[in-house]
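One structure below.
The values are calculated or read from the model by the stated rules, or taken from the named source; none is laboratory data. All figures in this text were calculated on a predicted structure; none of them were measured in a lab. Heads up, the Cβs are rebuilt from the backbone with ideal geometry, glycines too, and the neighbour counts pull from every protein chain shown. Just so you know, the surface numbers come from the protein's heavy atoms only, side chains and all, with ligands and any DNA or RNA stripped out. Shrake-Rupley method; radii C 1.70, N 1.55, O 1.52, S 1.80 Å.
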Amino acid sequence: MKLQQLRYIWEVAHHDLNVSATAQVLYTSQPGISKQIRLLEDELGVEIFARSGKHLTRVTPAGEAILKVSGEILRKVESIKQVAQEFSNENKGSLSIATTHTQARYALPGIIQDFIKQYPDVSLHMHQGTPLQIAEMAADGTVDFAIATEAMDHFNDLIMMPCYRWNRSILVPKTHPLAQRARPTLEEVATFPLVTYVFGFTGRSKLDEAFKNKGLTPKVVFTAADADVIKTYVRLGLGVGIVATMSIDPEKDSDLVAINADHLFKDSITKIGFRKGTFLRGFMYDFVARFAAHLDKGVLDKASQCHSKAELEEMFSSLELPSR
């Protein structure tokens, strides 16, 4: 059994069983990958992939178990490399982050700009996706850190830590009836068509929960993952916008009226997390502390030692989070 063979089966499984695409990514030949997979299967005495002719069709039950262990081994190998890099050149390497559009557009730009100035030899890669995709990328080791609000607590292998609280604002054109209401009620808001985030994005669950608790069924006529897209359709008169307050620019959005909605919805909490067992390099600790000052090296190391989600939640239960 060779480490290269484990890397091949892992990459094939994560490229939709497309050996040709995997070969291109790994800069090798398709026949070479197929041969090494066959040799590994022969050695183990089980099929990792089911086949139809020359095509791989699915991962077998045995393959699922083998891939899980292979992923752990490959991550350990990567950790060994990172340990060596930390001692050979502590300010050189790569950092990959998965996050949503809202975080990438409104929360991270200044932090990333300062980070790159401090660490010019660290290549930074940002991946955007749904909260579920973001959590999956962190869980399988595709990225170092996941930053999101929703769907982050469904993965037991992730150490998720709270960063800050945030809430929402209502956006309407200046001629809209709500534009004159400083503290509209949820019942008033529900009488108008709504334009807001796609379910599962940017605290949408808290919004739905608030209406449900009041026995209201709002008419959501348009949803998007991008606050700027939501603003566009508010300007077109499609409906009342509900967006993260951090996404509102007083200058660029001066044609709209922003009404604070803290009294209508519960705060949402943005979290940052990484996979258990990840070796954190010095610049990784620094990045997290720049994003959330209370998450310093000591806190991250302590969080890494927590044995359960309950223990991790207890660790942060009395923490007063900043608001954005």
* **In nm, spacing of pseudo-spin labels at Asp255 and Gln85 (7 Å Cα→C-beta vector)** => 4.5
* Structure fact -> Of all chymotrypsin sites (Phe, Trp or Tyr not before Pro) in segment 1-45, the ones in DSSP coil with at most 16 other Cβ atoms within 10 Å are Tyr27
* Structure fact -> The long-range amide H neighbours of Thr270, using H built 1.01 Å from N in the peptide plane and a cut-off of under 5 Å, are Cys163, Tyr164, Trp166
* Structure fact -> Candidate cut points under trypsin sites (Lys or Arg not before Pro) in segment 116-218, DSSP loop plus at most 15 other Cβ atoms within 10 Å of their own Cβ, are Lys174, Arg181, Lys214
* Which whole-number value in Å³ per residue fits the convex hull of the alpha carbons of segment 66-154? -> 93
* What share of all Cα pairs of the chain, in percent, falls into each consecutive 20 Å distance bin? -> 27, 48, 23, 2
* Length-normalised contact order of the chain in % [C-alpha pairs under 8 Å, at least 6 apart] -> 20
* Taking the alpha carbon gyration tensor of segment 119-171, what are the square roots of 5 times its eigenvalues, largest first, to the nearest whole Å? -> 22, 17, 11
* Asked: Relative contact order for segment 1-60 using alpha-carbon pairs under 8 Å, separation at least 6, rounded to a whole percent?
  -> 28
* Asked: In the chain, with Lys and Arg counted as +1 and Asp and Glu as -1 at Cβ, which of these residues, Asn213, Ile116, Ser304, has the Cα nearest the positive end of the dipole, that is, farthest along it?
  -> Asn213
* **Nearest-10 value in Å² for the accessible area of Met1, using the 1.4 Å probe** => 130
* Taking amide H positions as placed 1.01 Å from N in the peptide plane, with prolines and chain starts having none, which residues 5 or more places from Ser94, or on another chain, fall under 5 Å of its amide H? -> Ser123
* Estimated 222 nm signal from helices in the chain, with DSSP H stretches of n ≥ 4 weighted -39500 (n - 2.57), rounded to 500 -> -12000 deg cm²/dmol
* Full-stretch length increase - Ser29, Leu186 - with 0.36 nm per residue and alpha-carbon distance subtracted -> 50.5 nm
* Size of electric dipole in the chain: Cβ of Lys, Arg +1 and of Asp, Glu -1, about Cα centre, debye, nearest 20 -> 440
* Output the pairs from Lys219/Lys271; Lys68/Lys276; Lys35/Lys276 with a Cα-Cα distance over 22 Å in this structure; if there are none, say none. => Lys219/Lys271; Lys35/Lys276
* Asked: For segment 219-287, what mean projected area does the convex hull of the alpha carbons give, in nm²?
  -> 7.6
* **Sparsely packed GluC sites (Glu not before Pro) within segment 161-267, loop by DSSP, other Cβ within 10 Å at most 15** => Glu251
* Structure fact -> Here the FRET efficiency for Lys212 versus Asp42, based on Cβ atoms and R0 = 41 Å and rounded to 0.05, is 0.15
